[in-house]
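Peer 1: Below is the structure I would like to discuss, written out as structure tokens.
The values are calculated or read from the model by the stated rules, or taken from the named source; none is laboratory data. Here the structure is a predicted model, which is why all the values come from computation and not from measurement. Note that each Cβ is placed from the backbone with ideal geometry, even for glycine, and that neighbours are counted across all protein chains shown. We work out accessible area using only protein heavy atoms, side chains counted, and drop any ligands, DNA or RNA first. Shrake-Rupley method; radii C 1.70, N 1.55, O 1.52, S 1.80 Å.
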Amino acid sequence: MPLPRLIPLALLALTAAAPAGQRIDVALSNFAITPATIQLTHGQHYVLHLSSKGGHSFAAKAFFTTVTMPPADRARIKDGKIELKGGESVDLHFTAPGPGTWPFKCTHFLHASFGMTGKFVVR
Ligand SMILES: [Cu+2]
């Protein structure tokens, strides 16, 4: 039965596209980014799953500059931020940098002052 043997190989090929990582669900809404503090461990792989209930951005220029990320994911970032429409979600694979704290926010007018801010904390 050659077909059942092919299925695990096909699954392997799919998962090899990006390093496996712990998924972090981040919700953008009016007007919060949840969770506001994202705890990471240096050198670990993660998948940042951003989902938005409205038009928002996720801006983390310094953090995105620092992390290791596949080119396909990096291409989604423009000028340090990702724009999301309502109902849209984006996955970003990255490897956490050395210890430190990096802020993130929504750059839409007044959204940060309404509460759409947060930070990555890497240990
Ligand atoms: Cu916003």
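Peer 1: Would you kindly state how much longer the chain becomes between residue 72 and residue 30 on full extension, computed as 0.36 nm times their sequence separation minus their alpha carbon distance, in nm to one decimal?
Peer 2: Gain on extension, residue 72 to residue 30, equals 12.3 nm.
Peer 1: So what does residue 88 come to for accessible area, using a 1.4 Å probe and Å² rounded to 10?
Peer 2: 50 Å²
Peer 1: Would you tally the net charge around residue 99, using a Cβ to Cβ cut-off of less than 15 Å, leaving residue 99 out, and scoring K and R as +1, D and E as -1?
Peer 2: Every neighbour counted, the sum reads +2.
Peer 1: Based solely on C-alpha atoms, express the radius of gyration and the Dmax of the stretch 49-94 in angstrom.
Peer 2: 10.3, 28
Peer 1: With all protein chains present, calculate the accessible area of residue 114 using a 1.4 Å probe and round the result to the nearest 10 Å².
Peer 2: The value for residue 114 is about 110 Å².
Peer 1: How much length is gained if the chain between residue 91 and residue 22 is pulled fully straight, taking 0.36 nm per residue apart and subtracting their Cα-Cα distance, in nm to one decimal?
Peer 2: 23.7 nm
Peer 1: Sort 56, 111, 45 by accessible area with a 1.4 Å probe, largest first.
Peer 2: 45, 111, 56
Peer 1: When ligands, DNA and RNA are left out and all protein chains stay put, how many square angstrom of accessible area per residue does the stretch 36-96 have with a 1.4 Å probe?
Peer 2: For the stretch 36-96, the solvent-accessible area averages 48 Å² per residue.
Peer 1: Something else now. Round to the nearest 10 and report in Å² the accessible area of residue 23, as given by a 1.4 Å probe over the protein chains' heavy atoms.
Peer 2: 140 Å²
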